[in-house]
Amino acid sequence: MKNKIANALSDFFYEYETPRQVLVRNRRVGVVCRLIQLGVLVYIIGWVFIYEKGYQSTDTAVSSVFTKMKGQGYTNVSGNEKVWDVADYVFPPQGDSSFVVMTNYIVTEGQRMGRCPELKGKHNCSTDADCEEGSFKRQMTGVCANRTKTCEVLAWCPVEDDHNIPDPPLLMSAENYTLFIKNSVTFPLFDVTRSNLVEGINSSYIGKCLHDPEDAPLCPIFRLGDIVKLSGFNFETIARVGGAIGIVVDWTCNFDLHLKHCKPKYTFHGLYGNPAETDKAKASVGYNFRYARHYMENSVQKRTLYKVFGIRVDIIVQSLARKFDIIPTLTAIGSGVGIFGVATVVCDLVLLYLLPKREFYKHMKFKNTNTYAKDPDSEAGSIETELSKVRDSYMYVLD
């Protein structure tokens, strides 16, 4: 038993096995092999290393966005002149990465809590029985108003009439508002922090620049009308009923180059809300919401209700940074070397199963051995294997 274990350990530590190689001279098989190897080489170099940058590690950024609107609007509705500033037309006013710029509105002034009839055409009635108390979206009182022939409701009175949207939009001056975007990104893996106020973007430059994709692509000051135009919308159309626009700040950086080459790229996308769309199946277009300004008058709480139509701006930061790393490089090379084995597998299949001389190639590739067992009563009691001698390290098989 000890001898068997010792022999096994000796065979394991002191013997080396090498695969047998057979050199086959066959034009068809040789061409197939080289074409497969060429394809693998093109894949490794072209796709893995050049296109996918397999020799680099990647990281995405942690981002922060600050915004500021500037500009004044002016309206004159029925002789009532009003100047609108940032505090009036931006919601919310904190400088978030997502906000709404008011471009049109419907105002209902002097509302107070009480009982009043619904608008004509809504919840029509002829008797009190037609106004079931507590039904529908509004709180009904169960009374049919004789003057309007509509159900009486408990609500802020007079009720809002939002059927007629002002056209043209009341705040067409919003086209000339400007938006300042300040964006900072940090790539934790590479310990790199960048701002969209890159080299050359100082206070004097910001004071006079206006973003243009060709002439001033790095300027962080954007005219609202230009944003709408670059997103594919018509300003007057979207200003009337509102909509949404996405501003994408793209940080795609290669840190194998100098840090100054890591710069943002701005793109603009219309998200929804274009009333000119031909898709008539849409249930709703535009963007609107309501807000109220409450006040006290003669010890009575009142409010002015605004239905606001506006352009919602969503600033989206996307990022991808790359830098050379030895580990993904070796992984990509190792994977490529392994794929080269595909050529051997395919060529073996062609040799052993498709060519006319496949039996001859099988005989050359596989060497059979004859084995027989000794007398079981012998001292060794082992199986002796007779191996045929290898004539040459490489055998040349002629086509």
Selected residue (criterion: modelled with the lowest pLDDT) from residues of the range 269-287 that are surrounded by fewer than 19 Cβ atoms within 10 Å (Cβ to Cβ) and within 30 Å of Ala216 (Cα to Cα) = Tyr272
Residue list for the range 221-237, restricted to those being over 22 Å from the mean Cα position of the chain (by Cα) and closer than 12 Å to Ile181 by Cβ | Ile221, Phe222
Does Asp167 satisfy the criteria of being over 30 Å from Ser63 (Cα atoms), in contact with a Leu (Cβ under 8 Å, 6 or more places away or on another chain) and surrounded by fewer than 17 Cβ atoms within 10 Å (Cβ to Cβ)?
-> no
Enumerate the pairs (first residue in the range 338-353 and under 16 Å from Gln21 (Cβ atoms) and in a helix (DSSP H, G or I); second residue anywhere and at pLDDT 85 or above and not hydrophobic (A, V, I, L, M, F, W, C)) with beta-carbon separation below 6 Å, excluding pairs fewer than 6 apart on the same chain, so at least 6 apart or on different chains.
-> Ala343/Gln37
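For (1) surrounded by fewer than 11 Cβ atoms within 10 Å (Cβ to Cβ); (2) over 26 Å from Ile45 (Cα atoms); (3) modelled with pLDDT under 90; (4) of a type in the set (Asp, Glu), each residue gets a yes or a no:
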residue	(1), (2), (3), (4)
Ser319	no, no, no, no
Ile326	yes, no, no, no
Ile333	no, no, yes, no
Gly336	no, no, yes, no
Leu352	no, yes, yes, no
Leu355	no, yes, yes, no
Arg358	no, yes, yes, no
His363	no, yes, yes, no
Top-ranked residue of the range 297-317 - restricted to ones that are within 25 Å of Ser97 (Cβ to Cβ) and hydrophobic (A, V, I, L, M, F, W, C), ranked as surrounded by the fewest Cβ atoms within 10 Å (Cβ to Cβ) = Ile316
Criterion: touching a residue at least 12 places away in the same chain (Cβ under 8 Å) and of a type outside the set (A, V, I, L, M, F, W, C) - qualifying residue of Gly73, Gly39 | Gly73
Can you tell me which residue within the range 48-90, out of those that are outside any strand (DSSP E or B), within 27 Å of the chain's Cα centre (by Cα) and hydroxyl-bearing (Ser, Thr, Tyr), is surrounded by the most Cβ atoms within 10 Å (Cβ to Cβ)?
-> Tyr55
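The values are calculated or read from the model by the stated rules, or taken from the named source; none is laboratory data. Being a predicted model, the structure only gives us computed values, none of them experimental. Every residue, glycine as well, gets a Cβ built from its backbone with ideal geometry; the counts of neighbours run over all protein chains shown.
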